[in-house]
Structures are given as C-alpha cells and as structure tokens.
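Quick notes on the structure that follows.
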Amino acid sequence: MKKYIIAAGLILGTGAIITTSVQSCTTLATSDVGLSIIKRILLGGINKGANIYGNKDAFMQNNLIDKALPKELRDINTTLEKIAPSLVQKEKQYIAEAAAYTVNISKPILESAVNSLSAQDVTRIIQGEKGTATLILKEKTQTQLIQAIAPRVEQELNKYGIVKTINTALSGSNLLGSLLGGNKTSVNSGGLSTLASEQLVNGMFNIIEDYEIENSKSLLGPLGKQ
C-alpha cells in the first residue's frame with residue numbers, strides 16, 4: 001500500500017468533487033471521503049445484483065449465481081438430469097421467478113449494512129485483499145438475509161409445486177436418501193427453499209464482489225488500493 005497520496009479528485013455518488021492534499025492512506029481511509037468511496041462501490045454492486053435478480057433471463061444466464069449453487073442442490077440437479085432433465089430447467093426457472101420477489105427484502109438489509117460501515121471496517125478493507133469489502137458485508141448480513149428471504153422463497157416454490165414434482169421424479173432413485181444428508185427419504189419444502197435461499201444470497205455476494213474487484217482500481221486507487 002502506498003503510504004502517501006498526491007492530490008486526487010474523488011467523484012462521489014453525489015457528484016461532488018473533493019480534492020485531497022498529500023496525506024497518509026490511513027488518514028484518508030478512515031475519513032468521510034474514504035467511507036464514501038467504499039459505500040459507493042458496495043451500493044453499486046448491490047444495485048447491479050438487484051437489477052439482475054429482477055430480470056429472469058439475466059438471472060438464469062449469470063454464471064456468478066450458478067457458482068453459488070449449494071452442493072446439496074447441485075447433487076439433486078445432477079440426479080434429476082439422469083431421470084428428468086426438463087425438471088432441472090423448470091426448477092431453475094422457478095428459483096429465478098422467486099429471486100425477483102426477494103429483492104425488496106434483501107436490498108434494504110444490504111444497504112443498511114453498508115450505511116453502518118465503520119472507520120475500522122474501511123481500514124480493514126484498505127489493508128485487505130480485493131473483495132474484502134464484500135467479505136465484510138457478507139459477514140454482517142449473510143445469515144440474516146437467508147432467514148429473511150427463505151419464507152418468501154418457500155412460498156413461491158410451493159406455488160409452483162416444484163417440491164412435490166421433484167419428489168415424484170426421485171421416488172424411484174436410491175440416491176435420494178443421501179442427497180440432503182442423514183436418512184431423509186424425500187426433499188422437503190423447507191430444505192429446498194433454504195438451499196435456494198442460500199444460492200440467492202451467495203449469488204448476490206458474488207455479483208457484489210465482482211463489481212467491487214472490477215471497480216476497485218478506478219475508485220480505490222486514490223486510497224493507495226491498487
């Protein structure tokens with residue numbers, strides 16, 4: 001990290017331009033300017049994720065969301081591919097439909113966490129690896145987000161009857177008992193909605209992190225974060 005910074009014009013979300021004089025990175029990072037830059041990056045990532053989640057086609061085509069698929073749900077889909085391939089596509093479509101209904105729940109939680117970032121958080125971000133801002137946001141909100149959106153996800157998936165359809169398709173498979181661990185003989189609604197919720201939450205963090213890394217040089221460069 002560069003110890004000093006020579007005059008830099010920082011364009012904030014408000015459109016105002018603030019010119020900083022020579023000062024240490026630590027001082028700038030913990031100032032209102034440094035905090036504003038971090039918030040701008042994270043809020044930009046949240047908005048990008050919300051736009052993707054609100055568009056079914058964009059959601060289904062986004063590989064960052066696909067990478068967030070929990071192992072248990074991936075195992076279910078792998079088994080379904082052998083038995084009823086078309087059902088996997090329907091499941092993905094229904095999760096994409098449910099995703100749009102979760103945006104108004106998750107976005108305020110994420111924005112509130114961003115607005116509550118402290119000077120200590122910003123210092124950790126400046127001193128950490130790329131993606132640290134998203135990591136801190138994840139630490140603050142991941143559990144809360146999953147708990148908050150799971151009921152709505154379950155409501156949407158039940159509306160489409162996907163759980164019953166999956167159980168019917170897998171009823172003759174001897175692999176079913178091991179898909180979700182333990183001695184379960186069926187995929188329950190709560191289990192599937194929790195897995196889908198985990199994918200939605202972690203997919204959002206993947207998008208925010210990607211946005212953070214993509215913009216870190218142009219926005220955090222003035223703070224000595226290259």
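The values are calculated or read from the model by the stated rules, or taken from the named source; none is laboratory data. In this text, all values refer to a predicted model and were calculated from it rather than measured experimentally. When we count neighbours, we look across all protein chains shown, and the Cβ atoms used for this are built from the backbone with ideal geometry, even at glycine. Areas reflect the complete protein model, heavy atoms only, side chains present, ligands, DNA and RNA absent. Shrake-Rupley method; radii C 1.70, N 1.55, O 1.52, S 1.80 Å.
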Residue pairs meeting the criteria (Cβ under 7 Å; at least 6 apart or on separate chains; first in contact (Cβ under 8 Å) with a residue 60 or more places away in the chain, in the range 54-82; second part of a loop (DSSP other than H, G, I, E, B) and of a type outside the set (V, I, T)): E72/L180; T79/S173; T79/L175
Within the range 108-121, can one find any residue that is of a type in the set (G, A, S), at pLDDT 90 or above and open to solvent by less than 40 Å² (accessible area, probe 1.4 Å)? yes
Taking only pairs six or more apart or across chains, which ones have beta-carbon atoms under 7 Å, a first residue in the range 104-123 that is closer than 22 Å to A148 by Cβ, and a second residue that is hydroxyl-bearing (S, T, Y) and part of a helix (DSSP H, G or I)? I109/T141; L110/T141; A113/T141
Any residue that is under 20 Å from E212 (Cα atoms), of a type in the set (V, I, T) and either free of Cβ contacts under 8 Å to residues at least 12 places away in the same chain or open to solvent by 10 Å² or more (accessible area, probe 1.4 Å) (or both) - is there at least one of those in the range 142-153? no
